[in-house]
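> A single structure is presented below for examination.
Where a number appears in this text, it was derived from the coordinates with a stated rule and is not lab data. Only a predicted model underlies this, so the values are computations on that prediction, with no experimental measurement involved. Note: ideal-geometry Cβ built from the backbone for every residue, glycine included; neighbour counts use all protein chains shown.
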Amino acid sequence: MSNTPIDMGRRRFLTTTTAVVGGLGLAATSVPFIRSWNPSAKAKAAGAPVEIDISKLEDGQLIRVEWRGKPVWVVRRTTQTLQQLKQVESQLRDPFSEEPQQPDYAANEERSIRPEIFIAVGICTHLGCSPTYLHDAFNEQVEGVASGFFCPCHGSKFDMAGRVFESVPAPLNLVVPPHYFVNNTTVIIGLDHGEVVA
Ligand code: FES
């Protein structure tokens with residue numbers, strides 16, 4: 001791990017190389033780098049936000065970062081994946097995000113701010129295992145659905161918006177953490193737009 005101070009206005013950032021590639025068959029060169037604030041003790045206790053450069057995130061790719069000790073996924077959904085979201089609605093437990101598993105700005109069909117970028121805490125809502133991302137092998141779990149997340153512990157299944165399928169142990173959709181886009185290629189995990197680090 002290397003720490004290199006980067007001057008970004010009045011804030012001080014540290015570059016970290018803790019990104020973990022969660023997608024399948026990805027070239028090492030395609031891993032976006034991850035930067036996080038150098039947090040104060042108070043911010044550490046609260047869980048410092050994480051800044052992610054998604055400029056190199058490719059269609060279908062998932063990267064995993066850590067926020068508050070939890071895995072957080074950032075996925076670039078394809079057009080085909082977005083079309084799939086509507087097709088599976090009738091098979092889902094909470095297709096319209098009525099349970100408070102996401103901020104208000106993500107309580108939509110895609111459960112996201114930008115349709116193509118999906119961000120979720122990668123922890124199953126049953127007993128806390130981390131589901132596996134199946135980019136093109138989810139058909140084996142749900143017929144006719146190419147992509148999704150499968151929890152190997154007890155077989156819960158989630159679509160590409162983290163919405164749980166019916167008849168599985170997990171009771172709720174995956175959690176969408178607070179986040180916002182600084183610009184087209186940078187997203188902050190752990191803060192809502194306008195919120196600042198104390
Ligand atoms: S922990 Fe995921 S199905 Fe039980």
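> Can you sort E143, E98, E110 so the residue with the fewest Cβ neighbours within 10 Å comes first? Intermediate results must be reported in sequence, preceding the final value.
Numbers: E143 7, E98 10, E110 18.
Starting with the residue having the fewest Cβ neighbours, the order is E143, E98, E110.
> By counting other Cβ atoms within 10 Å of each Cβ, how are V72, V142, V196 ranked from fewest to most? Please report the intermediate quantities before stating the final value.
Details: V72 23, V142 17, V196 7.
Sorted ascending by nearby Cβ count, the order is V196, V142, V72.
> Around F165, under 9 Å between beta carbons, what's the net of Lys plus Arg minus Asp minus Glu among the other residues?
+1
> Got the relative contact order for region 68-198 handy, in percent, Cα pairs under 8 Å and 6 or more residues apart?
25
> Let me ask something else about it. Could you work out how far the C-alpha centroid of region 88-129 sits from that of region 48-75, in angstrom?
Answer, in whole Å: 16.
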